[in-house]
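Participant: Here it is, the structure, as structure tokens.
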Amino acid sequence: MSLRLLPLLLLAAFGLAIAGELNYPLDAPAPDGRRPGGTLSQTLPAPVLGNEENKDLRRERNYPEQPPTIPHSIRGYQVDANGNKCLTCHSRAGSARSQAPMISITHYMDRDGQPLAAVSPRRYFCTQCHVTQQEVKPLVGNNFRNIDHLLEDEAAATAKP
Ligand code: HEC
Ligand code: HEC
């Protein structure tokens, strides 16, 4: 055997030794919450997809900078290099025809805040930021309180003698 292979061989032996040490508890229960039941090594069938909420009612935002959630179904809407279905309704020109809210000025700005003539590439893939909602039970709890509630709390606290 050529000596040149020796380092490789040593490395392989070392790797095998480490791999042999690994001992996953394959029947450990899966972390509860997001993963339904089973053990770490089991694969259960994925739950069915929930229905997209399609009420056509704009939702309250939790803070002014929040990208509003999409209140309508977007199933089958194509957004790729060849076209952007969202913009047929939401672009400056399209919103007059569709009566959909026009994308705001921030969608026309480059990263230095300079307004551009057309939709900025960084705002082209709408679902990076805007998401539909599903009619399902939330997976995790949430005790977020918006600024109105926080201000009320503060006012109530200072009003106390
Ligand atoms: C056929 C026209 C049409 C298309 C296509 C469309 N929308 Fe809409 N969209 C609307 C209308 C109309 C509203 C106003 C609320 C309603 O009627 O659902 C709206 C509302 C919204 C809102 C809520 C705005 C707010 O202020 O709350 C978002 C976000 C949105 N759409 C994103 C999208 C995205 C992302 C796509 C593409 C995946 C898309 N829309 C495709 C017509 C459209
Ligand atoms: C990088 C994130 C991002 C992307 C990508 C993006 N948006 Fe937005 N969008 C926002 C944010 C943040 C707001 C709320 C604040 C604002 O107007 O900038 C918003 C607001 C909106 C509104 C409400 C405007 C208003 O005046 O009430 C509509 C409608 C909308 N977006 C549609 C779209 C559509 C359609 C696309 C794809 C062409 C898109 N957005 C891409 C982040 C994004």
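The values are calculated or read from the model by the stated rules, or taken from the named source; none is laboratory data. Because the structure is a prediction, the values reported are computed rather than measured. Counting neighbours? That spans all protein chains shown, and the Cβs are built from the backbone with ideal geometry, glycine included.
Participant: Please enumerate the residues belonging to the range 85-101 that are under 18 Å from residue 125 (Cα atoms), free of Cβ contacts under 8 Å to residues at least 24 places away in the same chain and hydrophobic (A, V, I, L, M, F, W, C).
Facilitator: Selection gives 89, 100.
Participant: Something else about it: Looking at the range 99-115, which of its residues are among the small types (Gly, Ala, Ser) and within 11 Å of ligand 2 (Cβ to nearest atom)?
Facilitator: 100, 104
Participant: Within the range 52-70, track down each residue that is more than 10 Å from ligand 2 (Cβ to nearest atom) and either acidic (Asp, Glu) or farther than 19 Å from residue 144 by Cβ (or both).
Facilitator: 52, 53, 54, 55, 56, 57, 60
Participant: With the condition kept exactly as written, say whether any residue in the range 112-131 is closer than 28 Å to residue 146 by Cα, without any contact (Cβ under 8 Å) to a residue 24 or more places away in the chain and more than 20 Å from the chain's Cα centre (by Cα).
Facilitator: Checking the range 112-131: at least one residue is closer than 28 Å to residue 146 by Cα, without any contact (Cβ under 8 Å) to a residue 24 or more places away in the chain and more than 20 Å from the chain's Cα centre (by Cα).
Residue-by-condition table, conditions (1) closer than 18 Å to residue 58 by Cβ; (2) near ligand 1 (Cβ under 10 Å from one of its atoms):
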| position | (1), (2) |
| --- | --- |
| 88 | no, yes |
| 94 | yes, yes |
| 98 | yes, yes |
| 103 | yes, yes |
| 106 | yes, no |
| 109 | no, no |
| 115 | no, no |
| 119 | no, no |
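Participant: Answer yes or no as to whether residue 136 is of a type in the set (A, V, I, L, M, F, W, C) and either assigned to a strand (DSSP E or B) or within 18 Å of the chain's Cα centre (by Cα) (or both).
Facilitator: yes
Participant: Still on this structure, please answer the following. Quick one: which of 122, 59 is modelled with pLDDT of 95 or more and of a type outside the set (A, V, I, L, M)?
Facilitator: None of the other options fit; the residue is 122.
Participant: In the range 33-84, how many residues are outside any loop (DSSP other than H, G, I, E, B) and within 20 Å of the chain's Cα centre (by Cα)?
Facilitator: The total comes to 5.
Participant: Name the pairs: first residue in the range 62-73 and in contact (Cβ under 8 Å) with a residue 60 or more places away in the chain, second residue more than 10 Å from ligand 2 (Cβ to nearest atom) and of a type in the set (Phe, Trp, Tyr), Cβ to Cβ under 7 Å, at least 6 apart or on different chains?
Facilitator: 62/144
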